[in-house]
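What follows draws every value from the coordinates through simple rules; no lab data is involved. Small disclaimer: the values here were computed from a predicted structure and weren't measured. So basically every Cβ, Gly included, is an ideal-geometry build from the backbone, and we count neighbours across all protein chains shown.
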Ligand code: FES
Ligand code: FES
């Protein structure tokens with residue numbers, strides 16, 4: 001790959017490998033057409049551009065482009081991280097642009113992971129100081145350049161809305177005018193950042209940087225990447241998890257016009273078409289025989305029964321305080337429940353896709369990679385090329401909810417495999433919705449069994465909890481995060497209760513199956529919040545206590561002040577008085593605190609969520625509007641799951657859902673009204689992509705119990721055949 | 001087989017398998033990538049275009065059936081209703097991932113062209129065929145009301 005000399009200048013001081021970004025929507029098409037994805041959006045302006053560090057580019061035309069190290073799939077990092085830079089830079093919001101940073105862990109690692117990647121609602125917390133420092137450094141260099149030019153001391157210079165001024169002499173210059181000179185200034189090592197009281201942007205609302213491009217069809221996703229002579233590949237995959245290819249017949253497929261190649265690959269059979277329709281038709285015409293001897297043949301019903309049995313045992317001990325067994329034996333009342341949760345598919349709106357172009361000794365990749373470092377390495381390994389011969393462009397992705405973050409990089413490996421099999425040229429691998437639903441990597445099927453003990457006065461004396469579920473981390477690079485053979489994603493949200501319960505035990509029954517499982521928006525909290533918060537609600541009801549007051553009374557004021565804060569706030573918002581049809585839940589996840597009250601109606605026996613009030617405490621609210629949007633989104637995503645979603649395997653182990661006709665999604669008429677309130681806080685900001693989801697499910701179930709007296713024991717609440 | 005139709009006001013001729021869904025002709029042949037693929041079975045609305053002013057799910061529409069018709073994609077929207085819708089979308093930051101939003105904008109525009117002041121129920125009915133996995137539904141409803149207000153002047 002040739003690097004233009006002006007690009008070298010552009011990269012000076014960054015220590016970067018190749019800075020690539022085709023992501024700025026307006027510039028994306030031009031960049032793609034030229035075939036020079038390396039000619040970044042700001043590439044044309046590289047002459048005289050200012051690159052103070054790996055994150056900020058200031059062009060002579062006054063645009064400030066932030067290289068965002070986190071993938072943008074709707075959770076808002078393009079806007080969020082740009083806000084942090086703009087704040088410290090004293091930029092005008094209108095001059096801010098965002099683009100995806102290249103894949104380079106030395107520069108762009110998630111400081112919470114040590115590799116480049118996005119997940120666990122960490123984008124804002126791990127970037128908060130880093131991006132502010134990046135903006136502050138750029139500002140200091142601009143000020144120093146201005147001081148030189150104006151012939152005045154730097155301390156007398158002010159910066160506001162993208163203009164650097166010296167009041168005494170009446171001189172001023174824009175960022176763009178100073179860019180070239182600022183590039184010669186030595187970057188400061190540890191530039192000071194603002195005091196929170198001086199924030200001009202953080203904590204206020206402003207338009208998102210990408211709303212226009214996403215309302216006009218201009219935003220470029222992986223699906224929109226077209227290269228010269230590109231082939232589209234689809235893969236015939238095994239009918240069951242763990243089945244392998246015995247033989248196949250490509251004869252009929254190869255007769256279809258536009259089908260150029262059919263090849264067996266480890267993942268199945270790859271079919272290459274000159275266009276998407278040829279690939280679709282060709283794939284449908286391939287016949288294959290499969291070896292199912294190693295396949296998962298249990299139905300999900302069978303698994304549910306096995307998991308339930310396991311949940312009745314103690315499991316491996318996760319935590320234990322007091323003597324739960326003894327306390328249960330002495331309890332006046334023992335309440336026991338089993339809660340069953342199905343497999344769930346993520347079904348992001350854009351199905352999985354990737355484009356890989358192989359050239360002599362190098363390759364360029366376009367995909368919505370959520371774990372760039374892992375995918376990058378996996379692609380390099382599969383192609384047999386060194387890492388630095390691979391250019392990975394992180395594209396905008398049409399949602400993920402965890403689906404694009406796989407420790408085994410199975411999709412990146414498949415894309416590299418079909419590209420390698422094709423040879424030089426570009427290949428787009430596209431999964432259809434059917435591939436997506438049948439392709440595994442589900443939220444694991446999970447069963448909880450809880451036993452609670454009450455004394456004669458209605459105090460909770462014991463809480464015994466076993467969770468039966470598969471491990472998400474085992475067998476992936478994330479296994480390193482397991483200690484003592486315990487996978488925290490199995491029981492996060494259940495291990496520590498915000499409630500004072502003197503005898504508390506949690507166990508994990510580790511289940512096995514051939515079905516790959518994965519984090520699904522809020523991971524373990526998807527089921528632990530439901531189990532804990534519905535069970536707490538039932539215990540309080542048995543004790544004759546109010547669901548809000550009863551919870552608050554059990555929360556230690558100091559340790560759980562933020563849980564109590566959001567719970568009080570949401571009770572105020574909804575004028576809580578224990579109304580029939582109202583249900584409440586509070587849950588901390590990813591260091592953010594969310595409480596919700598749902599109002600549910602009974603529509604001919606089917607629950608309808610009419611309204612949701614939501615209070616969130618996520619520290620400093622960098623972009624209140626983005627936080628509210630993420631709460632709305634989490635509530636809608638959670639509503640779909642609690643009401644309708646289940647991925648089931650029929651007898652013999654076939655996935656029974658194929659598309660959105662049978663895997664039922666929440667639609668607009670089923671979306672509740674949502675009111676969000678953000679609790680003011682000076683704490684460091686924490687994530688919001690996931691925490692809005694966990695309380696929704698138990699709040700709805702609690703509301704339904706209040707309305708009908710019936711407690712859902714298995715999700716979804718609307719049985720799959722009636723959805 | 002050569003098929004002729006108008007796309008965004010321009011006469012286009014394509015020579016493809018007549019069964020090819022319009023969606024893939026728009027994308028693969030004409031490189032109009034604003035129209036998206038979500039399900040391929042008329043469940044999600046990501047592929048919504050207008051044909052002779054009506055919404056159409058391009059993923060299940062064989063290109064042969066639009067021979068001689070006028071098709072508008074998101075790239076060709078320019079009516080007052082469309083502008084009001086897109087401005088309203090930007091005004092309250094409707095999009096999250098954005099992938100469904102071309103289809104949402106196409107459906108909302110068709111609704112307002114037909115019914116300039118829809119009620120919540122009418123919005124629900126017109127938009128129920130468009131899935132948004134990011135659940136931007138609250139804002140979609142609000143933005144349609146906002147656009148209706150703009151159109152009212
Ligand atoms: S892609 Fe056409 S309706 Fe989903
Ligand atoms: S904005 Fe992501 S699917 Fe609608």
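Annotations for the structure displayed:
- Label point of residue A:556 set 7 angstrom out along Cα-Cβ; within region A:570-603, amide nitrogens under 17 Å from it belong to A:588.
- Simple spin-label estimate for residue A:654 and residue A:229 gives 4.1 nm between the two label positions (7 Å along the Cα-to-Cβ direction from each Cα).
- Antiparallel DSSP beta bridges within the protein assembly as shown, as percent of all bridges there, nearest 5: 75
- Pairwise centroid distance, computed over Cα atoms, of region A:293-317 with region A:172-215, Å: 54
- Within 10 Å of each Cβ in A:425-432, the average number of Cβ atoms from other chains: 1
- The alpha carbon centroids of region A:266-288 and region B:84-145 are separated by 35 Å.
- Backbone N under 15 Å from the residue A:408 label point (7 Å along Cα→Cβ), restricted to region A:510-529: A:512-519
- The ranking of A:628, A:580, B:149, B:36 from fewest to most other beta carbons within 10 Å of each one's beta carbon is A:580, B:149, A:628, B:36.
- Shown is the FRET efficiency for residue A:184 and residue B:31, computed with R0 = 45 Å from the Cβ-Cβ distance and rounded to the nearest 0.05: 0.60.
- Helix axis angle, B:101-114 relative to chain B longest principal axis, alpha carbon, degrees: 80
- Cβ crowding within 10 Å ranks A:525, A:654 as A:654, A:525, fewest other Cβ atoms first.
- Between residue A:287 and residue A:309, the contour length at 0.36 nm per residue exceeds the Cα-Cα span by 3.9 nm.
- From the alpha carbon centroid of region A:568-647 to that of region A:86-112 is 31 Å.
- Between B:55, B:73, B:119, the GNM of chain B built on Cα springs shorter than 10 angstrom shows B:119 fluctuating the most.
- Helical content alone sets the calculated 222 nm signal of chain A at -9000 deg cm²/dmol, taking -39,500 (n - 2.57) per DSSP H segment of four or more residues and averaging over every residue.
- With a Förster radius of 56 Å applied to the beta-carbon distance between residue A:708 and residue A:169, the computed FRET efficiency rounds to 0.15.
- Going from the fewest other Cβ atoms within 10 Å to the most, the residues A:241, B:37, A:401 appear in the order A:241, B:37, A:401.
- Computed E for residue A:683/residue A:572 - FRET, C-beta separation, R0 22 angstrom, nearest 0.05: 0.55
- Were the residues from residue A:196 through residue A:662 laid out at 0.36 nm apart, the gain over their Cα-Cα distance would be 162.8 nm.
- DSSP bridge orientation in chain B - percent antiparallel, rounded to nearest 5: 85
- Residue list for region A:495-511, given a label point 7 angstrom along the Cα-to-Cβ vector of residue A:329 and an amide N cut-off under 17 Å: A:503-505
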